[in-house]
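To start, the structure under review is shown below, and the notes come after it.
Where a number appears in this text, it was derived from the coordinates with a stated rule and is not lab data. Bear in mind the structure is a predicted one, so any value in this text is a computation, not a measurement. Because the Cβ atoms are built from the backbone with ideal geometry, glycine has one as well, and the counts that use them run over all protein chains shown.
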Amino acid sequence: MAGDFETVIGLEVHVQLNTQSKLFCQCSTQFGAKPNSQTCPICQGHPGVLPVLNQEALTKAVQAGLSLNCSINHFSKFDRKNYFYPDLPKAYQISQYDLPICKEGYLEISIGEHDIKKIGITRIHMEEDAGKLIHSDVPSINESYVDLNRCGVPLLEIVSEPDMRNSTEAYHYLQSLKSILKYINVSDCNMEEGSLRCDANVSLRLRGQKEFGTKVEIKNMNSFKGVQKALEYEVKRQSMALKKGEKIVQETRLYNVDEDKTYTMRSKEEAHDYRYFPDPDLVPIILEEKDVEVIRKDLPELPKAKEERFIKYYQLPQEDAGVLISSLELANYFEMAVQSYPNNPKKIANWIMAELMRVLNESDGEISSLKVEAKQIGNLVKHIDEGKISGKMGKTIFEDLVKEGGTVEGIIENQGLKLVDDVGELEKFIDEVISENPEPVASFKAGKDKAIGFLVGQVMKKSKGQANPGKVNQLLIDKLKEK
């Protein structure tokens, strides 16, 4: 919302499918290869070549559609989208126009603690990617280069309905979409490598008005936060213009991250500008219901279903389950940890959310790069629950696991971190603490039970964290009551 205006946002998300070969030829899709080393006459656009559809790309497109509650078209086709650009050697892109592979779906997002909003998905269609232009960064060299390695890489374009009303909703939509696509393994969704790209359509209308305002498209956003900031800037720009009585122009604008502004790129094209027509080299796609059902049965557990299972089966609070299912890697890590010690999933969740995620945030790393194995988190919690180590010792062991890997037992043995359970040894520490802290002792005797916590802490300090805190607590209380 911006003053008297209502914001209307729709997103177009391009997702690179993680197939090993391109959409219509056998060239590799591996990222980072030497420029123009992964091309052939088909993706180079030579005259007379015949494209052949990648079956795996089709399967992944249907998987995405089913996961996003879409209807799967049993009859669809490819079309030529005609435009000229230096990185498009055929001067047209093979895409889908009026008969996409998927249509009329939705994605539910959380917009509050208990509020769910349904964002409609208009369509999902398959298309090939264009190449990449590389511009010289040397001011004296006014040259550009074309790399066709990306040309022909399979894409899905996921087009939402204009159902989002602010940048936060757009952010949550993208996060949820990315999570689902990674869960079903159709894409790695790596924005830095261009595996997920987003264009936003935003317009403003008077509050209560049914008709949409003039739509502006925003490009060049390379992060979800970037999408959020670009939308916020554009809403302010349009709101100020409308309040001054200015007319909004339908156009495509680029977002400049450094300046946090959008700039005019070109006037917005309409569908007829591309002169779509059916591609004569590709046969229509015909899917029977049994084909769709086979793909549906192979779908893995989706994030929402996993969250509900975590709450029910592991007795986790909804907030904890929501954090743990935020990425498939994190959810799998948690379940592997619980598998090694099923007795306390809540405490394992706490260690992962507090300690493990702290390490990941500090290092900006991935779970796969960690030296600490999931089963060792479960093992650590087991040792604490069984009274073999204290929570403080557990943190020391965890830090060693992060740095060096290994096992909980190995670290305990190497560093001599076993709990002191011997009553005689504990009483020595307790007698010293009672003698050195007359005021807290007097407070406890006066009925102030909180003083016992301070005294236990002093005993733990004297024992260098190795005293059994449960035994210390009971022994302290018994001694103070005796006196």
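For the stretch 368-466, the spread of Cα coordinates along the three principal axes comes to 54, 25, 21 Å, biggest extent given first. Restricting the stretch 356-399 to GluC sites (Glu not before Pro) that sit in a DSSP loop and have at most 16 other Cβ atoms within 10 Å of their own Cβ leaves Glu366, Glu386.
In terms of packing, defined here as the mean over residues of other Cβ atoms within 10 angstrom, the peptides 224-236, 7-19, 48-60 line up highest first as 7-19, 224-236, 48-60. Computed on the stretch 423-482, with alpha-carbon pairs under 8 angstrom and 6+ residues apart, the relative contact order is 36 percent. Here the alpha carbons of the stretch 21-143 define both size measures, Rg and Dmax, at 18.6, 57 Å. Remark: the chain carries a charge dipole of roughly 840 debye about the Cα centre, counting +1 on each Lys and Arg Cβ and -1 on each Asp and Glu Cβ. Calculated from the alpha-carbon coordinates, the chain shows an Rg and a Dmax of 29.9, 100 Å respectively. With the charge dipole of the stretch 5-291 set up from +1 on Lys and Arg Cβ and -1 on Asp and Glu Cβ about the Cα centre, the Cα lying farthest toward the positive end among the listed residues Ser239, Val15, Cys27 is that of Ser239.
Under the convention that each Lys and Arg Cβ holds +1 and each Asp and Glu Cβ holds -1, the size of the dipole of the stretch 301-415 around its Cα centre is about 320 debye. Measuring max minus min along each principal axis, the C-alpha atoms of the stretch 423-482 give extents of 29, 19, 18 Å (largest first). Counting neighbouring Cβ atoms within 10 Å and putting the fewest first, the residues Met240, Met393, Met357 line up as Met240, Met357, Met393.
Using equal-weight Cα scatterers in the Debye expression, the normalised intensity of the stretch 5-291 in log10 at q = 0.13 Å⁻¹ is -0.96.
Relative intensity of the stretch 254-304 on a log10 scale, I(q)/I(0) at q = 0.30 Å⁻¹, equals -1.13, per a Debye sum over C-alpha point scatterers of equal strength in the absence of solvent. Qualifying trypsin sites (Lys or Arg not before Pro) in the stretch 379-452, where qualification requires a DSSP coil assignment and no more than 11 other C-beta atoms within 10 Å, comprise Lys448, Lys450. A simple rule links phi to the HN-Hα coupling: the Karplus curve 6.51 cos²θ - 1.76 cosθ + 1.60 with θ = phi - 60°, which for the stretch 426-435 gives 5, 5, 4, 4, 5, 4, 5, 5, 5, 5 Hz, with x for Gly and Pro.
Across the stretch 238-346, the convex hull enclosing all Cα atoms gives 296 Å³ per residue.
Sequence neighbours fewer than 8 away in the same chain don't count; with that in mind, list the lysines whose C-alpha is under 21 Å from Lys60. List returned: Lys22, Lys77, Lys103, Lys178, Lys182, Lys290, Lys297, Lys304, Lys306.
In summary, the lysines within cross-link reach of Lys382, defined as a Cα separation below 24 angstrom excluding same-chain residues under 8 places away, comprise Lys312, Lys346, Lys347, Lys371, Lys392, Lys395, Lys403, Lys418, Lys461, Lys464, Lys471.
Ranking Asn149, Gly387, Leu66 by Cα position along the charge dipole of the chain, where only Lys, Arg, Asp and Glu carry charges on their C-beta atoms, puts Gly387 farthest toward the positive end.
With the Kirkwood sum run over all distinct C-alpha pairs, the stretch 147-255 has a hydrodynamic radius of 15.5 Å. Relative to the longest principal axis of the Cα atoms of the chain, helix 167-183 runs at roughly 80 degrees.
Against the main long axis of the alpha-carbon atoms of the chain, helix 224-243 sits at an angle near 60°.
With the convex hull constructed from alpha-carbon coordinates only, the stretch 301-415 shows a mean projected area of 6.8 nm² over all directions. Across every pair of non-identical alpha carbons in the stretch 140-201, the mean reciprocal distance, once inverted, gives a Kirkwood radius of 14.2 Å.
Between the amide H of Lys219 and those of Arg253, Leu254, Tyr255, distances stay under 5 Å, these residues lying 5 or more places away or on another chain, with hydrogens modeled in the peptide plane. Percent of C-alpha pairs per 10 Å bin in the stretch 25-66, short distances first: 24, 39, 32, 5.
The charge dipole of the stretch 330-483, taken about the Cα centre with unit charges on the Cβ atoms of Lys, Arg (+1) and Asp, Glu (-1), comes to about 480 debye, rounded to the nearest 20. Placing unit charges on each Cβ (+1 for Lys and Arg, -1 for Asp and Glu) gives the chain a dipole about its Cα centre, and among Ile101, Pro278, Val441 the Cα reaching farthest toward its positive end belongs to Val441.
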